[in-house]
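These notes are about the structure you will find just below.
All of the numbers you see were taken from the coordinates with simple rules; none came from a lab. Nothing here was measured: the structure is a model prediction, and the numbers come from that model. Every residue, glycine as well, gets a Cβ built from its backbone with ideal geometry; the counts of neighbours run over all protein chains shown.
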Amino acid sequence: MTPLPVQALDIAAAVVLVTAWVSLLHRRIEALVDTYAIQSAAVALTAGLVAYEYRAPDLYLLAGLTVAVNVVALPGLLRRVVRVLGVPRMVNMYASVRESALIGLALLLLSVWVVGPIAPFAEIPSAGLLPIAVAVVLIGFFLLVSRRKAITQVVGLLVMNNGVFLAGIALTYGLGLLVELGLAANLLVLAIVARIFLQRMKESFDHVDADALRALEG
Amino acid sequence: MSGSFLAPALALVGEYLLVLGLSPLLLAVLRRVKARTQGRIGPPLLQPYRDLWKWMGKDGIYASSASWITRYAPAISFAALLAAVPLVPWFVLPTPLGPFGDLILLVGLLGLSRFVIALAALDGGSTFGGMGSSREMWMGALAEPVFLLVIFAFGSPAGSTQAGAIAARGVALGIAYANPPLLLAIVAYVLLLLVETGRLPVDNPATHLELTMVHEAMVLEYTGRDLALIEWGRGFKLAIMFGLLIALAAPWGISTSGTLLLVGLAVGIVVGKLLGAHVLVGRLEARVAKWRLFRVADLLTLAAVFAFGSLALAYVIGGGA
């Protein structure tokens, strides 16, 4: 019988997967950002559970950091961008909702097929999370490439990051505090850069549709 | 449960009393919660009983063009739903009737109940009836395979499509029953439940606006006793779907022993869970607007995808552990 925190860890990871999936379906940017916040909270929970189960106090710090940056700061920033720039609130996409959901399923099956056989060899109880984490990374990547607005692409990148974080927790109990700190700081910087970039884009072109940038290729 | 004949019979009667007697109240609670959330007072909690009583005292009126189908459809639909009640483990395990039918039969019975009503709606020859049954059958045709997939997702770890067997496994495993595949299956089931019972983002049970109604359009022609049967059946179909969700997703509390005290406790627990589920749907209904009809396909695609994902993950975890 698996110990209770490990089981809770599984459930939290499943929440991360479900939210990644749900983020493929949103048509409004605010809903997408909210879903991302929930997902980050689930990631923070997994970090907290791992810290508790394996007596790794530095992971508590990491969980707190995730809450501060990924649950509060980044979504707040993104909401502000949407509000301040007056970005049209619809998520433009290359794939329909139905296609996105099915592609999400295909990505999950892919990661189950490829990563599933490897996971049991890692001798940690939480290695079962690995297929889920890889699926989240892939879904985040799909979100990144299938959406047209720059801001939704940023969310795709953030979802990918959550997946990487989850994989790190599942396999190594955190990538090491310093690496994680650097990663979190990077993310924040990235979001700020994206904000400034979006602002410039809005001022120069009067829209934030990344697709229209191709016109410059001539 | 001893080998006697009496105890299962009593349990069966108890289940019917619980489901038939309580489902109007649960529906009233749902409406009340929805009204309160929207800042209205809402109808009194006994209103569904009063409605049923009023309708029961009146004869049906039939269009001159209607055939026997219109007359018998409500009773057939009601009977199909009645037959579905003992398929769900409510508060005792093993289920009183034992392995007399599984969840595939349940899907079939719900399909039969839907089919006869759709047929009756066409029978009257009114425009609304045809429109409503067309929409209902379109949704039904999409929902049924997804329903089966969801059942397989719940059933594959237990190796059975018997709700009793699945719930018994859950009760035996305790908290260890909860795992990622189960979570995905629950999400899929909840999405499906909204379609299957015609709740808000899919169909608005409170509207009679011709453009949007689905179920209401089909039963527009009915009055009196027939309407009572249809509305009552609809109420306890909701209870059946929730009861199944509770039995499959959170079966803890269902009594596996025959002592009266434990069974009584189990009844209390299941009523509490049913109330909770109705309150949640009431709150959801207060917040969402009805979706465009064709987005229902999106919802069902998502449910199918979650159910399939659940099966895939169950395969990994089953192989890994």
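Quick notes
- Taken along the Cα-to-beta-carbon direction at a fixed 7 Å, the label points for A:Val193 and A:Ser96 span 3.7 nm.
- The local environment of B:Asn204, defined by Cβ-Cβ distances under 15 Å, has a net charge of +4 under the rule Lys, Arg +1 and Asp, Glu -1.
- Between 0 and 90°, nearest 10: helix B:6-37 axis offset from chain B longest Cα axis: 60 degrees
- Simple spin-label estimate for B:Ile104 and B:Leu10 in nanometres, 7 Å along Cα-Cβ: 3.5 nm
- Difference of contour (0.36 nm per residue) and Cα-Cα distance, B:Ile61 to B:Leu46: 2.8 nm
- Shielding by partners for peptide B:179-189, expressed as the average number of C-beta atoms from other protein chains within 10 Å of each residue's C-beta, is 4.
- When the alpha carbon gyration tensor of the stretch B:76-216 is reduced to an equivalent ellipsoid, the three semi-axes, largest first, read 32, 17, 11 Å.
- R0 of 30 Å, Cβ-Cβ distance A:Arg83-B:Phe294: FRET efficiency to nearest 0.05: 0.45
- Separation in nanometres of the label points that stand 7 Å from Cα toward Cβ, at A:Arg28 and B:Leu265: 4.5 nm
- Both the radius of gyration and Dmax for chain B are 19.6, 65 Å, in that order, over alpha-carbon atoms.
- Unit Cα scatterers, Debye sum, the stretch B:1-130: log10 I(q)/I(0) for q = 0.12, 0.16, 0.19 Å⁻¹: -0.70, -1.05, -1.16
- Annotation: extensible slack from B:Trp138 through B:Leu209 equals 23.6 nm (criterion: 0.36 nm per residue apart, minus Cα-Cα distance).
- Candidate lysines for bridging to A:Lys149, where Cα separation is under 25 Å - those fewer than 8 sequence places away on the same chain excluded: A:Lys202
- In degrees, nearest ten, helix B:68-84 long axis to first principal axis of chain B (Cα): 20 degrees
- Computed across the stretch B:196-321, the Kirkwood radius stands at 17.6 Å (inverse of mean 1/r, all Cα pairs).
- For the protein assembly as shown, the spread of Cα positions along each principal axis, largest first, Å: 74, 58, 41
- For chain B, the longest principal axis of the Cα atoms and the long axis of helix B:224-249 meet at an angle of about 20 degrees.
- Taking a straight line from the alpha carbon of B:Lys54, these lysines sit under 29 Å away, with near neighbours fewer than eight places off in the same chain left out: B:Lys34, B:Lys237.
- Mean sequence separation of contacting Cα pairs (under 8 Å, at least six apart), scaled by the length of chain B, corresponds to a relative contact order of 29 percent.
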